[in-house]
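K.L.:
Shown below is the structure under consideration.
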Amino acid sequence: MKRQAFFISDGTGITAETLGHSLLSQFESIDFEQTTLPYIDTLDKAKEVVLRLNAIASEGGRAIVFDTIINQDIRDEISKADAFKVDIFATFLAPLEKELNMGSSYSVGKSHAGGDNKSYLARIDAVNYALDNDDGSKIKHYNKADIILVGVSRSGKTPSCLYLALQYGIKAANYPLTEEDLGNGELPEALKPYKDKLFGLTIDPERLAAIRNERKANSRYASLNQCYYETEEVEMLFRRMNIPFLTTTDLSVEEISTRIMVDSKLIRRA
């Protein structure tokens with residue numbers, strides 16, 4: 001079964017996407033073709049969206065629409081579309097206004113504004129740190145790390161570091177454990193002083209082989225035997241050295257990062 005879903009906003013669309021993705025993910029048997037339409041901030045743009053949604057409905061199967069439109073005239077225009085609509089702000093803000101006994105500001109982009117300058121600068125600093133300390137490139141800066149992700153190549157370390165930085169302001173470095181690192185059952189010398197900061201990522205070897213083949217097809221690096229060897233060795237190392245770790249195989253980067261935050265106790269500091 002297939003349905004089309006739209007995330008529509010007069011801002012970036014991030015809020016509509018975030019809630020919409022969370023809700024749609026509960027319907028695993030349906031294949032949703034998802035489209036984001038940001039900056040729908042004029043009536044002309046809104047009318048084009050309505051025409052698009054109506055065309056989909058005429059072909060059978062209405063589109064699912066999640067919107068965070070602020071402007072009332074544009075919201076009224078979108079409401080004319082033949083689609084199933086979830087008006088996120090209307091659904092949640094109206095009851096909240098009633099409880100707080102005051103009207104909301106209804107400002108476009110308010111949920112992503114950089115009002116907290118200290119938090120914003122911390123996240124930017126953390127992103128720069130993650131980029132500067134990717135793949136063991138600058139181990140001399142590990143003393144500044146909040147956490148160091150370790151694991152075999154392509155197990156999800158880099159995107160997790162960047163998400164931790166951007167979302168939580170966590171300074172996360174990562175160090176790839178290569179075949180040369182895994183033979184003796186010991187941590188690389190560069191990591192030993194920072195053992196308490198280490199958090200391991202591992203992955204199903206068959207999934208790892210598929211990912212590596214997209215990068216270096218038919219190579220020893222991407223072979224199933226090599227992937228089995230590396231994942232088995234790295235998991236034994238994690239257990240031997242009492243390094244907390246998780247399997248990333250079926251997790252999104254958001255789920256990986258949140259699990260890291262909880263399991264490493266970083267969530268208390270974010």
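The values are calculated or read from the model by the stated rules, or taken from the named source; none is laboratory data. Not measured: the values here are computed from a predicted model. All Cβ positions, even for glycine, are placed from backbone atoms using ideal geometry, and neighbour counts span all protein chains on display. Heads up: the accessible areas ignore ligands, DNA and RNA and are worked out on the full protein's heavy atoms, side chains in. Shrake-Rupley method; radii C 1.70, N 1.55, O 1.52, S 1.80 Å.
K.L.:
When the helix-only estimate is applied to the chain (DSSP H runs of n ≥ 4, each -39,500 (n - 2.57), divided by the residue count), what is the mean residue ellipticity at 222 nm, nearest 500 deg cm²/dmol?
P.N.:
-13500 deg cm²/dmol
K.L.:
Okay, next question. Would you mind checking which residues have amide H under 5 Å from Ile203's amide H? H placed 1.01 Å from N; only 5 or more apart, or other chain.
P.N.:
For Ile203, the qualifying residues are Thr248.
K.L.:
Residues with beta-carbon under 14 Å from that of Phe32, excluding Phe32: net charge, scoring Lys, Arg +1 and Asp, Glu -1?
P.N.:
Around Phe32, the charge tally is -1.
K.L.:
Between Ile14 and Ala57, what is the label-point separation in nm under the 7 Å Cα-to-beta-carbon projection?
P.N.:
With each label point 7 Å from Cα toward Cβ, the separation is 3.2 nm.
K.L.:
Filter the cross-link list Lys98/Lys118; Lys157/Lys216; Lys2/Lys47; Lys45/Lys118; Lys195/Lys216 down to pairs whose alpha-carbon distance in this structure exceeds 27 Å.
P.N.:
Beyond 27 Å: Lys98/Lys118; Lys45/Lys118; Lys195/Lys216.
K.L.:
What's the angle, to the nearest 10 degrees (0 to 90), between helix 88-100's Cα axis and the longest principal axis of the chain?
P.N.:
Long axis of 88-100 versus the principal axis of the chain: about 80 degrees.
K.L.:
Would you work out the relative contact order for the chain, in percent, from Cα pairs under 8 angstrom that are 6 or more residues apart?
P.N.:
Result for the chain is 14 percent.
K.L.:
Additional query: Modelled label-to-label distance, Glu214 and Asp82, 7 Å Cα→beta-carbon offset: nm?
P.N.:
Inter-label distance under the simple model: 3.8 nm.
K.L.:
Round to the nearest 10 and give me the degree value, 0 to 90, for the angle of helix 224-240's Cα axis relative to the longest principal axis of the chain.
P.N.:
80
K.L.:
Can you grab the distance from the C-alpha centre of segment 80-94 to the C-alpha centre of segment 1-79, Å, no decimals?
P.N.:
Value for the Cα centre distance between the two parts: 10 Å.
K.L.:
Report, to the nearest whole %, how much of the accessible area of the chain belongs to carbon and sulfur atoms, 1.4 Å probe, protein only.
P.N.:
50
K.L.:
Let me ask something else. Peptides 188-199, 225-236: what's the order by average Cβ count within 10 Å, highest mean first?
P.N.:
225-236, 188-199
K.L.:
Sticking with this structure for a sec: What ranking do 10-18, 58-66 get when scored by the average of other Cβ atoms within 10 Å per residue, highest first?
P.N.:
The peptides rank, most packed first, as 10-18, 58-66.
K.L.:
A follow-up question, please. List the residues whose amide H sits under 5 Å from the amide H of Asp82, counting only those 5 or more places along or on another chain, with H placed 1.01 Å from N in the peptide plane.
P.N.:
Close amide H contacts, sequence-distant or interchain: Asn54.
K.L.:
Next question. Please tell me the relative contact order of segment 140-270 in percent, rounded to the nearest whole number, where contacts are Cα pairs under 8 Å and at least six residues apart.
P.N.:
30
K.L.:
When the Karplus curve 6.51 cos²θ - 1.76 cosθ + 1.60 is applied with θ = phi - 60°, which whole-Hz ³J(HN,Hα) does each residue of segment 158-174 get, with x for Gly and Pro?
P.N.:
Result, rounded to whole Hz: 5, x, 5, 4, 5, 5, 4, 5, 6, 8, 10, x, 8, 7, 10, 9, 9.
K.L.:
Here is a follow-up. Could I have the simple spin-label model distance between Gln26 and Lys47, label points 7 Å from Cα toward Cβ, reported in nm to one decimal?
P.N.:
A separation of 3.7 nm, rounded to one decimal place.
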